[in-house]
1. Within segment 364-386, can you find the residues that are modelled with pLDDT under 90, open to solvent by 30 Å² or more (accessible area, probe 1.4 Å) and in contact with a Ser or Thr (Cβ under 9 Å, 6 or more places away or on another chain)?
2. Take segment 241-258 and flag every residue that is open to solvent by 50 Å² or more (accessible area, probe 1.4 Å) and either at pLDDT below 70 or touching a strand residue (DSSP E or B) at 6+ places or on another chain (Cβ under 6 Å) (or both).
3. Looking only at residues that are in a helix (DSSP H, G or I) and acidic (Asp, Glu) in segment 108-151, which one is modelled with the lowest pLDDT?
4. Take Val84 and tell me if it is touching a Pro at 6+ places or on another chain (Cβ under 7 Å), in a helix (DSSP H, G or I) and modelled with pLDDT of 85 or more.
5. Could you please find all residues in segment 279-312 being open to solvent by less than 30 Å² (accessible area, probe 1.4 Å), at pLDDT below 80 and not hydroxyl-bearing (Ser, Thr, Tyr)?
6. Here's a check for you: in segment 213-240, which residue that is free of Cβ contacts under 8 Å to residues at least 60 places away in the same chain and under 28 Å from Ile76 (Cα atoms) is least open to solvent (accessible area, probe 1.4 Å)?
7. Consider segment 387-408. How many of its residues are of a type in the set (Phe, Trp, Tyr) and either modelled with pLDDT of 80 or more or outside any helix (DSSP H, G or I) (or both)?
Amino acid sequence: MRKLSLSPTVAFAAIARNPQLMVLMAAGSLTTMTGAVFNPALGEIKHQLQLAPEIGGYLAAAHVWALGLFSLPLGILCDRVGRVKVLIVSLLCYAVFGAAGVTVDDFLPLIALRGCLGIATAGITSASLGLLTSMYEGEERAKALGYATGTLTLAGIVFPLLGGGVGYFFHWRYIFCLYAIGLPLAVLTAKILPQPPERTSVKTEQERPKHKLWQVLGRYQTIWLLLTLSLTSIVMYSVVFYTPQYFKDTINANTLTNSLVLAARALGAAMISAFGARRLSQSLGLYKATAIGFILMALTLSTIPFLREIGLIMLAAVGFGAGFGLILPNLYDALAGLAPSQLRSSVLSAGAGAGFIGQSFCPIVLGFVVKKHGIEAAFFTAASASIVVGMLLLLFGSREQGVVTSDQ
């Protein structure tokens, strides 16, 4: 088992020397790519296909709902038939269903393809998370999850720029060709991960995990973590969905300014998740470190309605991203610790599904608040929810020492 360093320079070098880890990071980043390269061209697509605004919005949400619904079933499939097999097939389907959009001229076929692409993405997410957490244990697993979160957040910067650039300089149809990257990644996965890297020793019946999947998912710690992941997504996407519109209305921010604000958020999350989350969890405890992340998100969210200077806005964006970067790898690490290795894909895919369901419900929950009280109220509502969870984690954080992982 290779050791991972938290030093940025050494960490990147260690990842570069580990082909398996590089492939998993690249495959996992496709989860972000699914919507990130498509959304910048959504306005042009709605115009070209002559779609009503409310109907066109379904195109942006189709893959998210598919992710939320199919993450757990595909996680179970990973644990039963093999994570590498599911990853290869999912990557191939990702390339086929994604690239097929280049030929579509009607709403119904396009939304069907987006749904199928979401299912393929769910398979990639479930398999890559299961493989990653089985390659490493303990502290090394936490570091690897930190790197994965950092990779996802950096992908959140690169892919929107890539999709927007292709749509602007060429044609919106060509953004669908970007999904074809799944094909070479499937080939690399087949060559570099010919056998699952998880532990393969044969266990006797007495040595097999006693916990069934539904027993693990039914534990109060698991339910709490799943609910927390959903809430994290709601808080996170309150910024993604509403800050561009808010800053456009208040300081007349253009597309570039809003892109820089979202990029600053992603950069803060990437750096903290990769190089700071594990250190804080080691010194303070996993739940208390996560609580600090929620409190930091709440504080920065509550300042948004009062900010008018771009420098302060960028600083708040970095702070918000840092809070998110503390939360996500620690929550997934805690979830992985509750699952036996044979069920990790299933349990972690349930966590991924919970996060995507939270993302889907964000505009529904906060949209009601915006309609009744304005955008500022959405920020205060998300901040209030975040601070409540943070205080609960601080209050009950001392109980984490009594939680025994399922592998023990």
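1. Selection gives Val365, His373.
2. If the condition is that a residue be open to solvent by 50 Å² or more (accessible area, probe 1.4 Å) and either at pLDDT below 70 or touching a strand residue (DSSP E or B) at 6+ places or on another chain (Cβ under 6 Å) (or both), then Asn254, Thr255, Leu256 are the ones that fit.
3. Initially, segment 108-151 is screened for residues in a helix (DSSP H, G or I), giving 108-135, 138-151.
So of that shortlist, the ones also acidic (Asp, Glu) come out as 139-140.
Values: Glu139: 68, Glu140: 72.
Top of the filtered list is Glu139.
4. For Val84, the condition - touching a Pro at 6+ places or on another chain (Cβ under 7 Å), in a helix (DSSP H, G or I) and modelled with pLDDT of 85 or more - is met.
5. Residues satisfying the conditions are Gly285, Leu286.
6. Among those that are free of Cβ contacts under 8 Å to residues at least 60 places away in the same chain and under 28 Å from Ile76 (Cα atoms), it is Gly218.
7. From segment 387-408, those of a type in the set (Phe, Trp, Tyr) are 396; that's our starting set.
With either modelled with pLDDT of 80 or more or outside any helix (DSSP H, G or I) (or both) added as a condition, the list becomes none.
Counting residues in segment 387-408 that are of a type in the set (Phe, Trp, Tyr) and either modelled with pLDDT of 80 or more or outside any helix (DSSP H, G or I) (or both) gives 0.
Yes/no per residue for (1) in contact with a Pro (Cβ under 7 Å, 6 or more places away or on another chain); (2) of a type in the set (Gly, Ala, Ser); (3) in a helix (DSSP H, G or I):
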residue: Ile304; (1), (2), (3): no, no, yes
residue: Ala316; (1), (2), (3): no, yes, yes
residue: Tyr332; (1), (2), (3): no, no, yes
residue: Gln342; (1), (2), (3): yes, no, yes
residue: Ser349; (1), (2), (3): no, yes, yes
residue: Leu366; (1), (2), (3): no, no, yes
residue: Ala385; (1), (2), (3): no, yes, yes
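The values are calculated or read from the model by the stated rules, or taken from the named source; none is laboratory data. As the structure is a computational prediction, the values presented were derived from the model and not from experiment. Cβ coordinates were reconstructed from backbone atoms using ideal geometry, including for glycine residues, and neighbour counts include every protein chain displayed. In case anyone asks, the SASA skips ligands and DNA or RNA and just uses the protein heavy atoms, side chains included. Shrake-Rupley method; radii C 1.70, N 1.55, O 1.52, S 1.80 Å.
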